[in-house]
Amino acid sequence: MIDIILLVSTSFLICIYAIPSIITVAKLKNLYDKPEERKIHTIKIPRLGGVAIFAAFSISMLIFGDVAQIEGIKFITAGGLILFISGLKDDIVILSPLKKLMAQLLAAGFVTILAGVRINDLQGVFGINEIPSYVSILLSMFMIIVITNSLNLIDGADGLAGSLGLIISLTFAYFFTTLNDTNWAILAFALSGALLGFLFFNFNPAKIFMGDAGSLTLGFLLSVFAIHFIESHSPGAGNYLRLKSAPGIAVAILIVPLYDTLRVFLLRAYKRTSPFKADKNHLHHWLMKIGLGHKQVSLILSGINLLFILIAYAIKDQPAYVVLSVVVGLTIIAGQLPVYIYSHKITDIEVDDSVQEEITQSLFENRVRK
């Protein structure tokens, strides 16, 4: 416990002390995230917070973790560096979506093919258990790319991506600790400390954004955690504390960013627009449309994510497909609430305008008669 406290504190303090200097450099070099039509913020804000997160995570991990014991760690590190560098380049000079996707494919290939971190058993989801090697690689690469982009896409409100990342990384850290999977727990705790330090400067009103360097690296690490979590609970892992609902729990842990990404991509496909074309259809946009502020949006979505984790854990003894069905069903219902509330709010406004018009017309007619 003392080691964990020291680890989180070190990561937290490195981030806390690094960010003011990064803000100064960003201002001197004019490295801002500038306001535009599709963005919520109205002032220029530095966007290099990912540098502090990456530095704090890496340094604290190397100090406290015996990372050499993690199989394939050099390839996982290489994948993380690829995404950090590509994200940093996009923060400084614009990088095309295709180039970012190529970087993600390369990083995912490093993890699944070279490091061997991949899903080999679906544990009864869709009635499937063990899967062939080539399917395992393709599925795991797809999962890494989806989760990586989901954290990148949901980074649209002050404190939102950082808060979700903190909850998700702490949850994985807890599960790794219960399995005595010490080195993976150290990775998750190191990331948690860095995100906690970052949130001191990112929670509304934000003084800095994590940028693509932060969100892509964060999403990549969380995707690797998710795959390792699922595999560590597979029947072949020899784990006597095995959760037979691990795939369903993993989805619940990542539910808000995953649902938001899937929903937005489906809407873009329905409208026949590019899946990479930015819009204002994310969950945080709809919550702001009904009148909520940045803090409220971040707290509500983080709270919902935590609630789904608790629900999934409460039914953890059920088969994976049952947990997955419950989580997906509740998510679809909850995900439509902001749109439903907003549509009724607009209807109320229209009704009020109609009543006001009738009153005005009545007053006009009375004046004419007089």
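Simple point charges give the picture: +1 on the Cβ of Lys and Arg, -1 on the Cβ of Asp and Glu, and for the chain a dipole about the Cα centre of about 840 debye.
With loop membership from DSSP and a limit of 13 other Cβ atoms within 10 Å, the longest segment of the chain without GluC sites (Glu not before Pro) is 72-370. Do any chymotrypsin sites (Phe, Trp or Tyr not before Pro) in the stretch 222-284 lie in a DSSP loop with no more than 14 other beta carbon atoms within 10 Å, and if so, which? Hits after loop and neighbour filter: Y240, F276. Under 1.5 on a/c is rounded, so check that first for the stretch 1-119, then, if it is not, pick prolate when a/b is larger than b/c and oblate when it is not; a ≥ b ≥ c are the square roots of the alpha carbon gyration tensor eigenvalues. Oblate, since a/c reaches 1.5 and b/c is not below a/b.
The label point for D317 and the one for I43, both projected 7 Å from the Cα toward the Cβ, are 5.4 nm apart.
Taking each DSSP H run with n ≥ 4 as -39500 (n - 2.57) and averaging over every residue of the chain yields -24000 deg cm²/dmol at 222 nm.
Legend: residue pairs K99/K277; K99/K271; K244/K316; K271/K295; K100/K295; K44/K99, Cα-Cα distance threshold 19 Å; pairs beyond threshold, K99/K271; K271/K295; K100/K295; K44/K99. Computed from label points 7 Å out along Cα-Cβ, the spacing between Q69 and Q336 is 4.9 nm.
Shape class for the stretch 212-252: prolate, because the ratio a/c of the largest to smallest gyration tensor axis (alpha-carbon atoms, square roots of eigenvalues) is 1.5 or more and a/b beats b/c. The label point for V93 and the one for K280, both projected 7 Å from the Cα toward the Cβ, are 3.2 nm apart. For the chain, the longest principal axis of the alpha carbon atoms and the long axis of helix 182-202 meet at an angle near 30°.
Read-outs throughout are calculated quantities, based only on the coordinates presented, and are distinct from any laboratory measurement. This is a predicted model, so every value here is computed, not measured. Note that we place each Cβ from the backbone using ideal geometry, even for glycine, and neighbour counts take in every protein chain shown.
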